[in-house]
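Here the structure is laid out as structure tokens; the discussion comes afterwards.
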Amino acid sequence: MATYIAGSKNPAPAGPYSHAVQAGPFIATAGQVGVDPRTSLPVGEGVAEQTRQAIRNLAAVLEESGADLTSIFRVGVFLTDEADFEVMNAVYREMMPSPFPARTTVFAKLMPGLKVEIDALAYANVPGAGAGATTTAAATNSQAPRT
């Protein structure tokens with residue numbers, strides 16, 4: 001049986017979907033964007049501000065399900081412009097707990113005004129059980145390439 005998570009601290013969904021769904025021990029989030037939950041408007045025009053807000057929105061929907069950013073084991077990042085990759089990556093490195101979850105970054109067209117969207121898969125109700133649960137030599141190598 002699945003539990004549908006409304007994301008009461010998140011901006012209203014832009015379509016017919018839930019912010020997250022918990023199925024068994026897993027949570028799948030919808031893409032979270034750089035939109036202020038109070039105004040439902042993009043925060044600034046830059047990818048740095050929008051990445052920060054998208055991660056805050058991701059954390060809020062995970063918190064509502066009893067998880068947190070450390071529960072994540074896979075992330076998808078969608079960017080509108082390849083030139084924004086380094087800035088997004090720097091903010092991601094600053095805000096996401098290490099060791100980092102597996103991640104895929106793709107370039108896509110998003111809704112007008114949006115520069116980044118982030119979705120995730122996480123363990124449900126087990127803060128700390130995601131990427132940081134087991135550390136291997138490869139995961140602790142700060143020089144390892146990131147995607």
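Residues whose amide H lies under 5 Å from that of PHE26, counting only those 5 or more places away or on a different chain, are ALA124; hydrogens are built 1.01 Å from N in the peptide plane.
Along region 93-104 the Karplus relation, 6.51 cos²θ - 1.76 cosθ + 1.60 evaluated at θ = phi - 60°, assigns HN-Hα couplings of 4, 5, 9, 8, x, 9, x, 6, x, 4, 8, 10 Hz to successive residues, with x for each Gly and Pro. For GLU63, neighbours were defined as the other residues whose beta-carbon sits under 11 Å from its Cβ, and their charges (Lys and Arg +1, Asp and Glu -1) total 0.
Values quoted throughout were computed directly from the atomic coordinates according to the rules given, and no laboratory measurement underlies them. None of the values given here were measured: they were computed from a predicted structure. So basically every Cβ, Gly included, is an ideal-geometry build from the backbone, and we count neighbours across all protein chains shown.
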